[in-house]
Amino acid sequence: MATIDVRTLTRLRAAAAAPPAPWPRIALPAATFVLTAAARTWHINRHFALLGDQIRDWGIALGPFTSLPLVGPATHFGGYTIGPAFYWILWAIRVVVGPLFDNLPHGGGIGQALLYSAADALLLMALWKRTGSPWLALSAVVVLATAPFDLALSAVIWNPVVGPILARTATALILLGWHRRSLAHAAVTAAIAWSAVHSYTGAVFVALGIFAALVADEMFRRNWRAAAARAGVVVAVVAALQVPYLLHQAARRFSQPAMGAVTGSIGGIVAGRNPLRVEASAAAFTHAVAYIELKPWSVAAVGWILLVCAAVVTVRYRDDPVLLAVTVLPQLAAVAGYALWAGDLQDYYYLSLMPAVVITVLLALTTLVPAPAARVAAVAVCLAAILAVPARLRFASTLPRMPEYEILVRASRQIAQRQQPMQSIRAQFALPPTADTEFIFRILGGRIDRRAEWRAQIAPDGRVSYSR
């Protein structure tokens, strides 16, 4: 008869006595990552938006790390973002994910979408831990990840999308309490938040909330020394991340202000040339929330709903300054901050604020119902969010895409296989003004020589013809 030694028996008894593995807490975030990544990248190789910004930035990412700019992309109102984090991330995506897709631009979009889905999974884990409700956590992530406008942009190589990814990640880390473990953890959280500002300036309001959350615990406990230490970490991280910008400016004798339009708007307010546009800022914020999170439906009195929800959450969680710092504070800061802005206010400016908005509304809804019904309300909201997904996905599919991308890729492969320089490549169909019919051909190893003998033409069905 076989015997079992003492060590084996001890291990078996310990395994039997151990609590069951928390499979739901593993499976739900994993499923969230897979499903949101699939939604974001579905047929991206067919309709990737290859426009001017994407061509410029992916072209930069194709080079060596040492050739990356020391600042971020140019902005549409002049200047550039204040640091290179966007290009660092895009370069890393190109190195890790790019080779799987022949370094074509849609590979960059897939890598960006994977980061977004990872941020969603992390946010779900954070909200579940913070609220104790998987229903509330899943509701927030479903609403955020399937927002049609956000979904349509999530796999487009564009810095206003990478900023919200980093902002969402930093928010999740705060909600997890990860920053409380040590000053090093706080520094990493602050670095992610400020890198979001590097990627897109509009993320600054979320970053301010993250910075406030990093010191809020110690200030609430009146532990001023610990609060000062954490504030010092934030200052040190921001200063370190601004070294590339200072090097860029020094090389140009400080002749290229990064945010000239911003300082000009603020200067106009101070000098009395421009009015303080609080009402316009609040209206733009309300419109952005309605368009990003509520389409394809219309909801009346969105502004009042947001105001009431912010007030309810502020009162209910007045003893939780960290939660308020990453929910209510960024929204108030955005309305106040954009009131100083003299230019137009576009919906995508507010993408990084959507987690704060959605979490605030959901917390308010579960607060307003009686405590015994809070769980039922959370389940009902979650089911409603899931049932709304098909309509939201259909609406997202109607937002602008570039179906000509698949034709350009297929034709460029065919031309590159000739291994012959081309004088030019022209499309015999309409393309967006900033598209480039030769960019993909170059990535695939083709060479454009304006003195070459042959020219290529791409027909609407993807067939290629050549002429001398």
Hey, Pro432 surrounded by 12 or more Cβ atoms within 10 Å (Cβ to Cβ), within 24 Å of Leu104 (Cα to Cα), of a type outside the set (A, V, I, L, M, F, W, C) and more than 31 Å from the chain's Cα centre (by Cα) or not
no
So which of Arg180, Arg225 is within 24 Å of Gly132 (Cα to Cα), free of Cβ contacts under 8 Å to residues at least 40 places away in the same chain and either of a type in the set (Val, Ile, Thr) or in the same structural domain as Leu51 (by TED's automatic domain parsing) (or both)?
Arg180
List every residue pair whose Cβ atoms sit under 6 Å apart, with the two residues 6 or more apart in sequence or on different chains, where the first one lies in segment 191-206 and is under 11 Å from Pro160 (Cβ atoms) and the second, anywhere, is surrounded by fewer than 24 Cβ atoms within 10 Å (Cβ to Cβ) and among the β-branched types (Val, Ile, Thr).
none
Kindly evaluate Arg56 against the criterion of being at pLDDT 75 or above, under 21 Å from the mean Cα position of the chain (by Cα), of a type in the set (Lys, Arg) and in the same structural domain as Pro244 (by TED's automatic domain parsing).
yes
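Regarding segment 339-348, can at least one residue be identified that is more than 25 Å from Pro160 (Cβ to Cβ), assigned to a loop (DSSP other than H, G, I, E, B) and in contact with a Leu (Cβ under 9 Å, 6 or more places away or on another chain)? So that I can check it myself, show each step before the final result.
Taking segment 339-348 first, the residues more than 25 Å from Pro160 (Cβ to Cβ) are none.
Looking for residues that are more than 25 Å from Pro160 (Cβ to Cβ), assigned to a loop (DSSP other than H, G, I, E, B) and in contact with a Leu (Cβ under 9 Å, 6 or more places away or on another chain), one finds none in segment 339-348, hence no.
Before we move on, is Ala373 touching a residue at least 24 places away in the same chain (Cβ under 8 Å) and either among the small types (Gly, Ala, Ser) or not in a helix (DSSP H, G or I) (or both)?
So Ala373 does not fit the description; no.
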Would you check which residues across segment 299-346 are of a type in the set (Asp, Glu) and closer than 21 Å to Asp217 by Cα and list them?
Asp319, Asp320
Tell me the helices (runs of 4 or more DSSP H) entirely within segment 228-299 that contain at least 1 residues that are under 25 Å from the mean Cα position of the chain (by Cα) and modelled with pLDDT under 75.
260-271
Complete set of residues in segment 380-409 that are of a type outside the set (Phe, Trp, Tyr), surrounded by 15 or more Cβ atoms within 10 Å (Cβ to Cβ) and part of a helix (DSSP H, G or I):
Ala380, Val381, Cys382, Ala385, Val389, Arg392, Ala396, Glu404, Glu406, Ile407, Leu408, Val409
Identity of the residue in segment 411-468, β-branched (Val, Ile, Thr) and in a loop (DSSP other than H, G, I, E, B), that ends up farthest from Ala49 (Cα to Cα)
Thr437
Out of Gly63, Gly72, I need the residue that is touching a Ser or Thr at 6+ places or on another chain (Cβ under 6 Å) and either farther than 13 Å from Ile157 by Cα or in the same structural domain as Val409 (by TED's automatic domain parsing) (or both). Which one?
Gly72
What are the residues in segment 148-162 that are assigned to a loop (DSSP other than H, G, I, E, B) and closer than 16 Å to Gln346 by Cβ, if any?
Val156, Trp158
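Quick one: which of Gly59, Gly72, Gly63 is small (Gly, Ala, Ser), in a loop (DSSP other than H, G, I, E, B) and surrounded by fewer than 17 Cβ atoms within 10 Å (Cβ to Cβ)?
Of Gly59, Gly72, Gly63, the one residue that is small (Gly, Ala, Ser), in a loop (DSSP other than H, G, I, E, B) and surrounded by fewer than 17 Cβ atoms within 10 Å (Cβ to Cβ) is Gly63.
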I'm trying to understand the selection: among the residues of segment 280-308, which are surrounded by 14 or more Cβ atoms within 10 Å (Cβ to Cβ) and without any contact (Cβ under 8 Å) to a residue 24 or more places away in the chain?
Ala283, Thr286, Ala290, Leu294, Val302, Gly303, Leu307
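The values are calculated or read from the model by the stated rules, or taken from the named source; none is laboratory data. Only a predicted model underlies this, so the values are computations on that prediction, with no experimental measurement involved. Using ideal geometry, Cβ is built from the backbone for each residue, glycine included, and neighbour counts are taken over all protein chains shown.
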